[in-house]
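The values are calculated or read from the model by the stated rules, or taken from the named source; none is laboratory data. Every value quoted in this text rests on a predicted model; they were computed, and no experiment measured them. Positions of Cβ are backbone-derived with ideal geometry, glycine not excepted, and every protein chain shown enters the neighbour counts. All accessible areas refer to the heavy atoms of the entire protein, side chains included, with ligands and DNA or RNA removed. Shrake-Rupley method; radii C 1.70, N 1.55, O 1.52, S 1.80 Å.
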Amino acid sequence: MTNQQNVVVLDVISRGVSNVLPRSSLPVPKSFSPQDLKMLLMKRFEAENGGAKISAWVDSMRASSPTRIKSSTTASLPETDDTSSWIVHHPSALSMFEQIVAASKGKQIVMFLDYDGTLSPIVEDPDQAFMPKEMRATVRDVARYFPTAIVTGRCRDKVYSFVKLAGLYYAGSHGMDIKGPSKSCKYKKGNQGVLFQAASEFLPMIDEVSCLPPSSSLEKVYKDLVEKTKSIPGTKVENNKFCVSVHFRCVDEKSWAALAEQVRSVLNHYPKLKLTQGRKVLEIRPTIKWDKGRALEFLLESLGYANSTNVLPVYIGDDRSDEDAFKVLRERGQGFGILVSKLPKETNASYSLQEPSEVKEFLKRLVDWKKMSQRAAK
């Protein structure tokens, strides 16, 4: 659509067809009414604008989905100038372990852990992202010595079914649905341990067209996406209660544009929802100012450390959504973010680990250090 035609569309919307029709250079059949012209221009505008949006989405999908390095668990990052420079600014949390624990002197360490790609390996089928037994045992030990929360984009109940550990805080749907075990928690509701549901107001969101009952609205988004994407092989749609995830890890890259178009066609009907992206996943979430960083701050406050200088939060994660938490820690000037990645990435994290096996090693060393500190204090 030309700039002149864009002006016509905007004028149609703001002033009415009758006021702009003489200025339009578009061929218009005599049988067309002003309303017909308005619809024609709007459809053309939406189509071309939608095409630009899809192109941008695909570019973002590609940028957020770097090729994973297929190597043994003991392999190191490939030696390049860029990698060496990145490691200097984001050194391994294992090699810097002594400095990290030294910073915790006189402070309470609070652990925040992402799930996929951090506690469990990235797998093609998200329903098979089980936590290895050794990792579960390690996380159990960590929770014995430090307040520990799992902060994930997954549904809270789903990630609990993977972890199966009591004594932890579970922040599902990017922290929009938080549950914890602490009896002293400031925000605890009832006897179910539910601390906070930032997006609870969106559960009764009703699509004006379908007029669904309140409890069915987000389920409708999920079902619409399943129906719209079923023709694209490899697509996996996951209902995470307060958000819906469309996994495209197994989708051929040639089909990404078609997938993005189908997701956009559904999202257009829900103005109170927005699209965000992670590692080979498109996520439809409520348009509220809440993310993993807000969840981290909320949990610190609920634990009594809102404005405390006697706490050292440590957040370990591998995805784009974890950057919100890394950024909060950097802005607070308190605690450390640790990015799990084999590839150099722009990040607000202070340190890095390559994969879940290194996360496990770091957590084990943290537990061993705590045990020795307690023995030495006796």
Legend entry - Which numbered condition Q277 misses (of (1) among the polar types (S, T, N, Q); (2) assigned to a strand (DSSP E or B); (3) without any contact (Cβ under 8 Å) to a residue 24 or more places away in the chain): (3)
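For segment 221-235, which residues satisfy the criterion of being within 18 Å of A257 (Cβ to Cβ) and open to solvent by 60 Å² or more (accessible area, probe 1.4 Å)?
Once the filter is applied, which keeps residues that are within 18 Å of A257 (Cβ to Cβ) and open to solvent by 60 Å² or more (accessible area, probe 1.4 Å), segment 221-235 yields K228, K230, S231, P233.
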Inset, instruction - Taking the residues in segment 280-319 that are in a helix (DSSP H, G or I), surrounded by fewer than 23 Cβ atoms within 10 Å (Cβ to Cβ) and of a type outside the set (A, V, I, L, M, F, W, C) as candidates, determine which candidate is nearest to the chain's Cα centre (by Cα). - result: R294
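Here are some residues: S373, S357, S341. Which one is farther than 21 Å from A171 by Cβ, among the small types (G, A, S) and surrounded by 18 or more Cβ atoms within 10 Å (Cβ to Cβ)?
Details: S373 fails: surrounded by 18 or more Cβ atoms within 10 Å (Cβ to Cβ); S357 fails: surrounded by 18 or more Cβ atoms within 10 Å (Cβ to Cβ).
Answer to the check: S341.
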